[in-house]
1. Any idea what the relative contact order of segment B:514-634 is, in percent, if you count C-alpha pairs under 8 Å spaced at least 6 apart?
2. Can you give me the relative contact order of chain B as a percent, contacts being Cα pairs under 8 Å and 6 or more apart?
3. Tell me the net charge near B:GLU374. Cut-off is 12 Å between Cβ atoms, B:GLU374 excluded, with +1 for each Lys or Arg and -1 for each Asp or Glu.
4. Using the Cα centre of segment B:501-553 as the reference point, and only Cβ charges (+1 on K/R, -1 on D/E), how large is the resulting charge dipole? Debye, rounded to the nearest 20.
5. Taking Cα centroids, how far is segment B:413-456 from segment B:82-118 in Å?
6. What do you get for the angle between helix B:564-576 and the principal long axis of chain B? Use alpha-carbon atoms, 0 to 90 degrees, nearest ten.
7. Please give the charge dipole size of chain B, origin at the Cα centre, charges +1 on K and R Cβ atoms and -1 on D and E Cβ atoms. Round to the nearest 20 debye.
8. How far is the Cα center of segment B:535-562 from the Cα center of segment B:308-340, in Å?
Amino acid sequence: MRFRPYSRLPIWLLLLAGPWSCGPRQAEPFDLVLDLAGNPVDPLARSMRNDTEIAVFLFMAGECPISNRYAPEIQRIGRLFQKEPVRFWSVYPDPEEDPQSISRHQKEFGYSFGILRDTGHQLVKRCRARVTPEAAVFLLNKQGSATLFYHGRIDDRYADFGQARAEATIHDLERALRAALVGEPPLQTSTLAVGCFIPGLP
Amino acid sequence: MKGKMGLSVCFALLGFLFASCKTDQEPPSTGLDNTRAETEGLTFNRDIAPIVFHNCAPCHRPGQSGPFSLLSYRDVAKRAEQIVMVTQSRFMPPWRPDRAGNRFMNQRGLDKKEIRLLRQWTEQGRIEGRPEDLPEPPRWEEGWALGKPDLVFRMEESYELAAGGRDVYRNFVIPIPSEELRYVRALDLRPGNKRIVHHATMRIDRTLSSRDLDRLDSEPGFDSMIFSKAEIPDGFFLGWTPGKLPFKGYDDMAWRLEPGTDLVLQLHLQPSGKPERIQPVIGLYFADRPPSRSMMAIVLENKDIDIPAGAENHRVSAAYRLPVDVDAVSIYPHAHYLAKHTRVWATLPDQSRLPLIRIEDWDFNWQDEYRYAEPIFLPKGTIVSFDYVYDNSPQNIRNPFHPPQRIVYGGQSTDEMAELVLQVIPRDPKHLKLLMADYNRASLTRDLDYFLKKTLSAPRSALFAYETGLRYMQLGQREKAISFLETSLGLDPAQTEAHFNLGVLLGGKGLDAKAASHYREALKYNANHAEAHLNLGHLMDKGGHLSKATHHYREALRIKPGYALAYNNLGFIYARTNRLDEAILCYQKAVRADPQQALSHTNLAEALALRGLFSKAVTNFERALQLAPDDIHALTALSWILSTHTDPKLRNPKHGAVLAARACRLTNFREPLPLVRLAAASAALNQFPRALQLAEMALILPQTKQLQGLAGDIKRQMELYRRGETLKLGPGPRGQNEP
């Protein structure tokens, strides 16, 4: 049973969210992306970068079994690139997941990335995320802009609910990050992710 | 997909409108047109809650297998699209067998209307509806589903499942703490962590050999799909799957649980992303009486599996002809990751076909035992067949290997199996033995063919040589069995079971010294082999080394505290070495550990009689004869007491005569002791000429050691009979003329 791949965004929003929004334009203000303490955060702002050249958002949900099953693999990728100018973020797009449950979830599953609550789905839209787990990779250039480099699945382990391989054969996120680090384009800019639908999408 | 854009905009806008409306909208009037009412103005409370409460909530609630709850409007509305998707694809609720096929108990699944309602409700904006329309939320019993168990026990250590990686199939060996023989009518499993236990099957191991496999690594349990010596107890298939209620059992059927039995619990565990600990608990429910009917688990299997890499439609089949009328009550098809279709059917004697189960999209993760809503009658001569089709191509996403590899039969989850367990009840309980014998022979023959083939193609394999030898042994072909076992041990001497079985075979030929040396070898590789100790003890006893024999019997009992035969044999040593009270104690323990064993009752009775406790002796002899009506020993011994005891409460020469006469017939009047006992009974009935005649007959039999020992007594008895006197056995430390 295939996911329907069309975007859920109404057409007029699509026109704005198309590729040309990620070019030389400044990043949209992310005033509804919060940290755990409730402060607004703009993870793609220049001021956040230091030497970071690549930002990776991992959309996750505490109650999604597929998202949770990916925790060891996500952390493996985090460790793989820890010496590189890559910054990983855990993003919780379900507004009903409160800071306490998020903290508990982070601890239980061994996460140590920065934490973002995307209650207004600003990041979700920007990254075109539809399910958890899903990944998005942004290139951050010296001028201050952020380009969506790759979004979609972490690897090809799941083809659908109930259709999973024993082990992944294509590691899409890892591959995308390697390409980004050497300045090459990604093999695929987007792939279809399988997981729990992010609630509240139109 | 582009054509749907416009539609999606409409729905999206509608969605925004409805979502922002108040939740307690009035539904449109339900006037005349029912279909309109049904498909418009759907609300959660009225239309969706009943579906969710009945079909989803049992698993999707706290503490159960579902990863999130589906108990309230919020729970469901939030995930509405996902619910629509998984119900339309029939991923949920999980049910793999063909919906148009056999009817099973507790069948899960939504009908087309329910699936449509879910979709329409979502499209209409997920309206909650009026509070008064909401049905009573379902309530579930806390605690054990079948009530308080009679025995509760748990895995001794917890097991830690790693956070990531592949699914784990692991067997855990759990001793069952039962001191007496019990009959189990039902079993329930509490896995302890329902989210990671995907399913479980259980068998029992009376040999305790699974413990050896457990010891191979330091963690609890061992990885395997094959149960080895663990068996399906008396035809009862024991399994657990998420959301399934335990089967409450039958009034007249139960499985036998002897003391000193292990439960082997095979768990399929799915990593959750974080480390998880698991320590399952098992509850047993006992029957209050032994079963009057029996079930049998027919295991149809084909081990001859060899699937080339890339093969998309590899077929494996098996068949078995039923020798008696049965009713099939449940079915459990079993294969691993590569199977794609599993089809099972029965061909009746009139050549018509009856489907038994059909799963067109096999999913290893959702194995289950399916209980028929109504038992299916299969008459004698019915052939039960299965056809499984495997896909070892890269297109099969569940293929554990990338690129695909050649796959053969084996115990790892990445190997393959083709098995079917069909639980049946013979229509006539007396047919059970016939069915078991026929099934055993068929399954042994089939296995023998397979292992012979394997050993011929791999002559350096100790394992295949052993398995071949074992099958020959079980089929009674002793010489071939010995040959293959010796070959196997030549290739690999470190095999406990091979040594043990070779010991049994050689002992059966009277080659006691060789047998003993093999038992010692078995114990060298496994000091905790209770049966090897027992058999070695027996050989020591035979050779006159009583203290060594005693040592080995004690070791057997140390390892297996409920070992009835060991108690029996130990008691026998005490009885012959003037330790009568200790003998009695041992025999009593043997009887308690296995009340169905006639031998222990007979031995106990004899020891009690020697002790002068005739009343108890009579009770035990009678019990022995209930279990084994043709036991010459018990017949003659009991006859003796009944014919000669002076206590009118015990004396019964008439019955004594019946028993002795039976013993005489069973021995064709060619054994002295039954004749002597019949003589005594006749004398007690004042039939002195007859008594003399019988005693005379005994004396003129061919001279054997036994007769020589008895001759003096017989002559003395004949003296009494000539004088018209009978023997008198009274209460006292030792009766007269005891054999």
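1. Details: 155 pairs, mean separation 17.9, N = 121.
Once divided by the residue count of segment B:514-634, the mean separation gives 15 percent.
2. Numbers: 1411 pairs, mean separation 65.6, N = 739.
Here the relative contact order equals 9 percent.
3. Numbers: positive: B:ARG103, B:ARG371; negative: B:ASP327.
Within the 12 Å Cβ shell, the charges total +1.
4. Numbers: 6 positive and 4 negative charges, 24 e Å.
That gives segment B:501-553 a dipole magnitude of about 120 debye.
5. Spelled out, the Cα-based centre of one part sits 34 Å from the other.
6. Once rounded, the angle reads 10 degrees.
7. Details: 95 positive and 86 negative charges, 348 e Å.
Here chain B has a charge dipole of around 1680 debye.
8. 45
Read-outs throughout are calculated quantities, based only on the coordinates presented, and are distinct from any laboratory measurement. Model, not experiment: these values are computed from the prediction. A quick note on method: Cβ atoms are made from the backbone with ideal geometry, for glycine too, and the neighbour counts reach across all protein chains shown.
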